[in-house]
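One structure below.
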Amino acid sequence: MADLRTFNVVILGLGFLFIFTAFTTTGNIEQTVVKSLGNDTFSGSGYHSLGIIYGVFSFSNLLAPTVVAVIGPKFTMLLSGLLYSGYIAVFIIPTTWSLYFTSVLIGIGAAMLWTAQGQFLVENSEASTINRNTGMFWALLQCSMLFGNLYIYFDWNGRAEIPDSSRKNIFLSLLVVSLLGTLSFLVLRKSPHAEEMLSEEEGQSLLSTSTRMMYKHRANTALQDAKTELKTILQLLKAKTILLLSPCMAYSGLELSFYSGVYGTCIGATAHFGDAAKGLIGISGIMVGIGEIVGGGLFGLVCKNNRFRRTSVVFLGMVVHFVAFYLIFLNIPSDAPVVLKTTTQRSPYLTPSVSIALLCSFLLGLGDSCFNTQLYSILGRVYAEQSTPAFAIFKFIQSVFAAVAFFYSGYLLLMWQLLMMVVLGFTGTLCFFVVERMQNFSTDGQEE
């Protein structure tokens, strides 16, 4: 039984590793790819595409639990993986309408995929194994930022322009990787707990003489659960703790969009880096991934369940990000996010340095892991009995602000984007400290 559950968790992690190797690589390079297209009929924007994905994802989270409850997590993940693969396939022969249409589909698919992943992981875990299984899954997932970006470096290094043949080869490879990850879900086995639940439903369906009634019963139950959860979410949105944590959640959305799609584009557009610029996008993605892995491992394990260290980790995350923002401000031309067919025309305050650019990539990943691990930690502690709606609010706020950031990224100069993150990051950190202090007082009061 334990071996079967461990097998399922490993396969789940490998499936996500393959799918997100393809997707995170695509997100990192797509604005650069779109700018390189010689097709005059194509008018799409990689920033707008990513903005649509996160915007649709934020609202689809409200309906995803109903879909997962009706068709089950395994087939939900299979369907979602196909939607991810369809999005990646668009870049082989890109058209504007297909880019935006699949952006909507993948936003829906992402909500279903992550909801199903959470349910499947819980089904295959016990109280004694949930931390181990979650750690195994996240370790495999974080490696997704390494392999695809390494391929980009070797393929694009020394290229001033990206030819159609290179683009097609890259996205054909990423499509195959994504499909492999999707098909791996077929290998997943039903956990003993899920089989018990299914046998009970099948027994009820025999009494009602129709399997159709079983799915109807599932749908009705899922709709009732969705209504209950929506009411809980609306109640929590008025809670003082959630309101105070909202700036920190919103900041995590802004910096998510910056490190996952904007900063790599800025490096690729920096004229001073010459023919090495495009290849550096891949190395930048790898350095972000290494920062995420180091931070997630260090702060997720060492500082677990220690409320005094939570504030220290968030403060460290703010300092790390502010150092990165200041160095980026000095090192990268301010017009890097907004130039289209050309490289940057403006000069930064320092002579652009590859070492500083890649150090900033690492710091962005490290700081992101600081904020995310501690937001999950404090929400899990404060809302231990209402964790699902609390995390849903977190993902909703984060995704909405990531979507907004992607939409303005193609229009605002780099300095203004960095300033917005500094202001919201500072505000979010202060609010996090207030929430932590409130929790300390309430704990002290209970002890007395």
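The values are calculated or read from the model by the stated rules, or taken from the named source; none is laboratory data. Since the model is a prediction, treat every value here as computed from it, not as a measurement. As a convention, Cβ positions derive from the backbone with ideal geometry for all residues, glycine included, and neighbour counts pool all protein chains shown. For the accessible areas, the whole protein counts, side chains as well, though only heavy atoms, and no ligand, DNA or RNA atoms are used. Shrake-Rupley method; radii C 1.70, N 1.55, O 1.52, S 1.80 Å.
Annotation: TRP114 carries an accessible surface of approximately 70 Å², with a 1.4 Å probe and no ligand, DNA or RNA atoms counted. Put LEU413, LEU430 in order of accessible area, highest first, and with a 1.4 Å probe you get LEU430, LEU413.
Taking 22 Å as R0, compute the FRET efficiency from the Cβ-Cβ separation of ARG346 and LEU419 and round it to 0.05. Don't skip to the end; give the middle numbers.
Details: r = 17 Å, r/R0 = 0.75.
Result of the calculation: an efficiency of 0.85.
If R0 equals 60 Å, the separation of the Cβ atoms of ASP164 and GLU123 corresponds to a calculated FRET efficiency of about 0.85.
If the segment from LEU298 to LEU4 were pulled out straight at 0.36 nm per residue, it would be longer than the present Cα-Cα gap by 102.9 nm.
Over 27 Å apart at the Cα level, from the set LYS278/LYS395; LYS190/LYS231; LYS168/LYS278; LYS35/LYS395; LYS35/LYS74; LYS74/LYS278, are LYS278/LYS395; LYS190/LYS231; LYS35/LYS395; LYS35/LYS74; LYS74/LYS278. Within the full protein context, the accessible area of GLU161 is estimated at about 120 Å² for a probe radius of 1.4 Å.
Heavy-atom accessible surface of the chain, averaged per residue, reaches 44 Å², computed with a 1.4 Å probe.
Once fully extended, how much extra length lies between GLN235 and TRP97, figured as 0.36 nm per residue of separation less the alpha-carbon to alpha-carbon distance?
On the way: separation 138, 0.36 × 138 = 49.68 nm, distance 3.86 nm.
Fully extending the segment from GLN235 to TRP97 adds 45.8 nm.
Relative to the longest principal axis of the C-alpha atoms of the chain, give the angle of the C-alpha long axis of helix 73-89, reported between 0 and 90° and rounded to the nearest 10°. Compared with the principal axis, the helix lies near 20 degrees. Among the protein heavy atoms of segment 18-172, carbon and sulfur supply 70% of the accessible surface, probe 1.4 Å, non-protein parts ignored. What's the angle, to the nearest 10 degrees (0 to 90), between helix 46-60's Cα axis and the longest principal axis of the chain? Here the helix axis deviates by roughly 20 degrees. Only protein heavy atoms count here; on that basis, with a 1.4 Å probe, LYS74 has an accessible area of about 60 Å².
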